[in-house]
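Please read the structure below before turning to the comments.
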Amino acid sequence: MSQRKDVMLSLLATIPDEHQRSFMEELYFQYRSAMYGAAYSVMKHHHDTEDIIHDTLLKLMAKIPLLMSFDCFTLHSYIVISIRRTAIDVLRRRGRRGELFYEEESFLDTLASDDCQVDEALIREAESQQLHAALDMLKQRQRDLLNMR
């Protein structure tokens with residue numbers, strides 16, 4: 001196990017509630033590859049990617065009850081969007097905004113600075129991704145009927 005994983009698990013061990021701690025440990029192991037992919041797609045550097053994952057998990061630790069209320073699809077989307085947002089924020093602080101992709105910029109512009117509004121925007125984005133995924137699973141005729149409706 002890498003030193004960075006050890007540090008993250010040590011940090012998760014500081015969560016006083018055992019149920020919440022095990023939830024966050026499971027979340028970390030279950031979504032680690034998705035988190036890494038999302039962060040790396042923005043940062044393009046391994047060490048920066050690891051830092052983004054840890055920074056985001058620290059932020060998510062403050063929102064454990066909210067995270068526990070999500071179904072697995074919403075949770076996955078929320079985590080990936082949170083990772084991307086953290087990575088984009090780091091790039092913005094570094095003055096490298098020109099390296100952002102168009103989609104990431106438009107999503108960033110919709111986010112407000114207030115934490116509650118940010119959470120709502122992330123949840124809406126996660127639900128939107130869920131809806132699009134469900135629509136993609138339908139046959140073309142069914143999609144057309146829904147669009148006409």
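The values are calculated or read from the model by the stated rules, or taken from the named source; none is laboratory data. Small disclaimer: the values here were computed from a predicted structure and weren't measured. Methodologically, a virtual Cβ is constructed for each residue, glycine included, from the backbone with ideal geometry; neighbour enumeration extends over all protein chains shown. For the accessible areas, the whole protein counts, side chains as well, though only heavy atoms, and no ligand, DNA or RNA atoms are used. Shrake-Rupley method; radii C 1.70, N 1.55, O 1.52, S 1.80 Å.
Applying the Karplus parametrisation 6.51 cos²θ - 1.76 cosθ + 1.60 with θ = phi - 60° to the phi angles of the range 27-32, what ³J(HN,Hα) value in whole Hz is obtained for each residue in order, glycine and proline being reported as x?
Listing the rounded values in order: 4, 4, 6, 5, 9, 4 Hz.
Put 141, 94 in order of accessible area, largest first, 1.4 Å probe: what do you get?
Descending order: 141, 94.
Could you rank the peptides 66-76, 36-46 by their average count of other C-beta atoms within 10 Å per residue, with the highest value first?
The peptides rank, most packed first, as 36-46, 66-76.
Short version: ³J(HN,Hα) in whole Hz for each residue of the range 142-148, in order, from phi by Karplus 6.51 cos²θ - 1.76 cosθ + 1.60 (θ = phi - 60°), x for Gly and Pro, what are they?
After applying 6.51 cos²θ - 1.76 cosθ + 1.60, I find 5, 4, 4, 5, 5, 5, 5 Hz.
Please list 3J(HN,Hα) in residue order for the range 60-72, calculated via the Karplus relation 6.51 cos²θ - 1.76 cosθ + 1.60 where θ = phi - 60°; whole Hz, with x for glycine and proline.
For the range 60-72, the Karplus-derived couplings read 5, 4, 6, 10, 4, x, 5, 4, 5, 7, 7, 6, 5 Hz, x marking Gly and Pro.
The range 129-149 to the range 4-55: how many Å between their Cα centroids?
Rounded to whole Å, the Cα centres lie 34 Å apart.
Suppose accessible area is computed on protein heavy atoms with a 1.4 Å probe; arrange 90, 7 from highest to lowest.
Descending order: 7, 90.
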